[in-house]
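Shown next, in structure tokens, is the structure this report addresses.
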Amino acid sequence: MAAIKELTRDLENKANDFRKLEKDIQKNQQVKKKYTIQLGENELVLKELDLLNEDTNVYKLIGPVLVKQDLAEANANVRKRIEYISAELKRLDSTLQDLQEKLNSKQESIAKLQQRIQALQAGKAKA
């Protein structure tokens, strides 16, 4: 009986860890979605900047004010942003993969614990 209680307690702890991992995965997926949208927007801005002539006026919104900016500088800023967002997306992919592996491992250990508890309960029922 004590063995079943101990295994049940262990099962509850693993289930809580499992739920926490699921929340972490969900949170990371939301952040990844946000970065993916930002990447698309920045790539669109870069295409628009590439269509402009060298002497075209470019403005950057800083708070409530539009500030004139050099086209080359605007181009460089957008490229840096794209670089940063791409690096963050790669990092998030790696993190998500690690979390998914941990989740799968936790799921397997939960299944094994459930089988052990069922086997012990079946043994007690026969006795």
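The number of residues in the range 65-94 being in contact with a strand residue (DSSP E or B) (Cβ under 9 Å, 6 or more places away or on another chain), open to solvent by 60 Å² or more (accessible area, probe 1.4 Å) and assigned to a helix (DSSP H, G or I) comes to 1. Taking the conditions (1) open to solvent by 100 Å² or more (accessible area, probe 1.4 Å); (2) in a helix (DSSP H, G or I) in turn, Leu99 satisfies each one other than (1).
So which of Lys102, Lys80, Lys60, Lys68 is out of contact with any Ser or Thr (no Cβ under 7 Å at 6 or more places or on another chain) and closer than 30 Å to Glu22 by Cβ?
Exactly one residue qualifies, and that residue is Lys102.
Scanning the range 34-64 for residues being over 34 Å from the mean Cα position of the chain (by Cα) and part of a strand (DSSP E or B) gives a total of 1.
Going by what's in this entry, would Ser105 be described as assigned to a helix (DSSP H, G or I), without any contact (Cβ under 8 Å) to a residue 60 or more places away in the chain and exposed (fewer than 13 other Cβ atoms within 10 Å of the Cβ)? The answer is yes for Ser105. Only residues that are surrounded by fewer than 16 Cβ atoms within 10 Å (Cβ to Cβ) and either hydrophobic (A, V, I, L, M, F, W, C) or under 18 Å from Asn75 (Cβ atoms) (or both) were counted in the range 26-44, giving 6.
Condition check ((1) basic (Lys, Arg); (2) within 30 Å of Gly123 (Cα to Cα)) across all residues:
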residue	(1), (2)
Met1	no, yes
Leu7	no, yes
Ala15	no, yes
Lys23	yes, no
Lys27	yes, no
Gln30	no, no
Ile37	no, no
Leu49	no, no
Asn57	no, no
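The values are calculated or read from the model by the stated rules, or taken from the named source; none is laboratory data. What you see is a predicted model; the values in this text were computed from it and never measured. In this analysis, Cβ positions are derived from the backbone assuming ideal geometry, glycine residues included, and neighbour counts consider all displayed protein chains. Calculation scope for accessible area: heavy atoms of the full protein, side chains included, ligands and nucleic acids excluded. Shrake-Rupley method; radii C 1.70, N 1.55, O 1.52, S 1.80 Å.
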